[in-house]
Amino acid sequence: MSSKVRVRFAPSPTGPLHMGGVRTALYNYLFAKKHQGDFILRVEDTDQTRFVPGAEDYIIESLKWCGIEPNEGQGYGGDFGPYKQSERKHLYRQYVDQLIESGHAYYAFDTAEELNEQRELAKSQGKAGWQYNSITRQYLKNSLSLSADEIKQKLDEGEPYVIRIKLPRNEEVRFYDEIRGWVVVNTANMDDKVLYKSDGMPTYHMANIVDDHLMEITHVIRGEEWLPSAPLHILLYQYLGWEAPKLAHLPLILKPDGNGKLSKRDGDRLGFPVFPLEWKDPKTGDISSGYREKGYFPEAFVNMLAFLGWNPGTPQEIFSLDGLVEAFSLERVGKSGSKFDPEKTKWYNQQYLREKSGEELAQLLKPSLSFDVSDEFLAGVCELMKERALFIQEMLEDDYFFEAPQAYDEKTIKKKWKDQTPEIITELTSRYEQLEDFSAKKIEETFKSFLAEKELGMGAVLPNFRVLVTGKGMGPSMFQISELLGKEEVINRLKTGLERLEKQKA
Ligand code: GLU
């Protein structure tokens, strides 16, 4: 086996990629980059009945959006292809035959009805969880219980069969999990899983280990739900005479209340997306929301995901992707489930939003604008609004940047508009008219010296100044808003607003 680290993300295209799947991909990516290894995308589509059109493209697009692209695999090419299991169909049978020849696998001809009968029978006798195993296989229809002639006849007649692994009755399977430590399972608690079906398709287990071997995978990093399959995989490696890759099973991602695994169905039901991108179900047309469409930055989403099961061991919470590569290690991945926190996800987005310059934010917002505005002006709006926003779209919610207010916050008017206000505003307006340099600094100086001279408090003037220019009772610095809007606009708004409000009073 090559010494170069090679890891794979091996999703089944059965629907949109859940954020737990994205986290698995992320940890694989981080591990690969950290060790200058390869990150491979393999599509596991052996179960054709669960195939969903569009799912493969969705997976590729999601990884792209997150910035965690494979350097090899489905859609990327490489020396170990094809990378889609349905296109590797011809590769598996020889290994199944090898297992039959060495006595580690056998044909089973039992029909679905016959197996159901066994299950029902066991149930009626009060035995739950009937299994096809080292005990029950003795009296079932398989190549261990039938004579050589019977087997030959069935095969010659083309009777449908499956090939099952033949597990020893009472043997300990031990393996080391990079996250959980030693795991020991007795084969008495395992069943003779199907490896291959007569339709020529391997099952997940068979295809998974053959591909991991042929693709020279060194580390299998996947979700905890695959831990129960690991002993079987270890035995398959052993029976085929192959070295097993190192295994690491990631902790579950739990619902926000900690009650169970966060599932695909939790999504919009709990008020947040569970998918990276919006997904339209091709059958029902139902739409599930995605982090991208909700306005999250991919860097924030990825940063948040990294912390669902891992921590750097320091208080640092903000990590770029490169920073994560640097800090990541499997040793710091926990064993216990990690609660998903939608509020923390918003917090991450806010941190990333604040880090961006007004120009960057303006470029991101521009495509969604339905009106014309200069880049410079939009950048100014973003600079002023970014401290108050969680998402970029929120920076456009204050429409006074783009048009003069038509209405004025009633609460402010009621509380702050006094008899002497029109006179104060008129005088302030004329001071502004005299300003040559209409910069925030000068506007502020003028405003403050006006207050001092008139012996007026902030509260008597600033709210009225704001409401006339913006229509609102609150917002970012009025001096900066004024500079951005420009002298003419501010003066116009002050005059128009004053006129309107006086007319209303009269
Ligand atoms: N195809 C499996 C899945 O959909 C992959 C499990 C593994 O990584 O071994 O999650």
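Entry remark, the range 3-17: residues being more than 10 Å from the ligand (Cβ to nearest atom), under 20 Å from PRO53 (Cβ atoms) and not small (Gly, Ala, Ser) number 1 in total. Taken over the range 6-58, residues that are closer than 23 Å to ASN303 by Cβ and surrounded by 17 or more Cβ atoms within 10 Å (Cβ to Cβ) amount to 25. Can LEU144 be described as surrounded by 11 or more Cβ atoms within 10 Å (Cβ to Cβ) and within 19 Å of GLU101 (Cα to Cα)? Spelling it out, LEU144 is indeed surrounded by 11 or more Cβ atoms within 10 Å (Cβ to Cβ) and within 19 Å of GLU101 (Cα to Cα).
For ALA362, the criteria (1) surrounded by fewer than 18 Cβ atoms within 10 Å (Cβ to Cβ); (2) in a helix (DSSP H, G or I) hold in every case but one, which is (1). Of everything in the range 21-32 that is within 13 Å of the ligand (Cβ to nearest atom) and of a type in the set (Gly, Ala, Ser), the residue that is farthest from LEU277 (Cα to Cα) is ALA25. In this structure, TYR348 does not satisfy being at pLDDT 95 or above, crowded, with 18+ Cβ neighbours inside 10 Å and in a loop (DSSP other than H, G, I, E, B). Picking from residues in the range 33-54 that are assigned to a helix (DSSP H, G or I) and touching a helix residue (DSSP H, G or I) at 6+ places or on another chain (Cβ under 9 Å), the one that is nearest to the ligand (Cβ to nearest atom) is GLN48. Within the range 216-233, the set of residues being more than 13 Å from the ligand (Cβ to nearest atom) and either on the phi < 0 side of the Ramachandran plot or of a type in the set (Phe, Trp, Tyr) (or both) comprises THR218, PRO231.
The conditions of being in contact with a helix residue (DSSP H, G or I) (Cβ under 8 Å, 6 or more places away or on another chain), under 21 Å from PHE301 (Cα atoms) and not in a helix (DSSP H, G or I) are met by LEU390.
Per-residue answers, yes or no, for (1) at negative phi; (2) in contact (Cβ under 8 Å) with a residue 12 or more places away in the chain:
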| residue | (1), (2) |
| --- | --- |
| PRO463 | yes, yes |
| LEU468 | yes, yes |
| LYS472 | yes, yes |
| GLY475 | no, yes |
| GLN480 | yes, yes |
| GLU489 | yes, yes |
| GLU499 | yes, no |
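For beta carbons closer than 6 Å, sequence separation of 6+ or different chains, a first residue in the range 226-255 that is at pLDDT 95 or above and a second that is within 12 Å of the ligand (Cβ to nearest atom) and assigned to a strand (DSSP E or B), the qualifying pairs are LEU227/HIS249; ALA230/LEU247; PRO245/HIS219; PRO245/VAL220; LYS246/HIS219; LEU247/VAL220; ALA248/ILE221; LEU250/GLY223.
The values are calculated or read from the model by the stated rules, or taken from the named source; none is laboratory data. If you're wondering where the values come from, they're calculated on a predicted model, not measured in any experiment. All Cβ positions, even for glycine, are placed from backbone atoms using ideal geometry, and neighbour counts span all protein chains on display.
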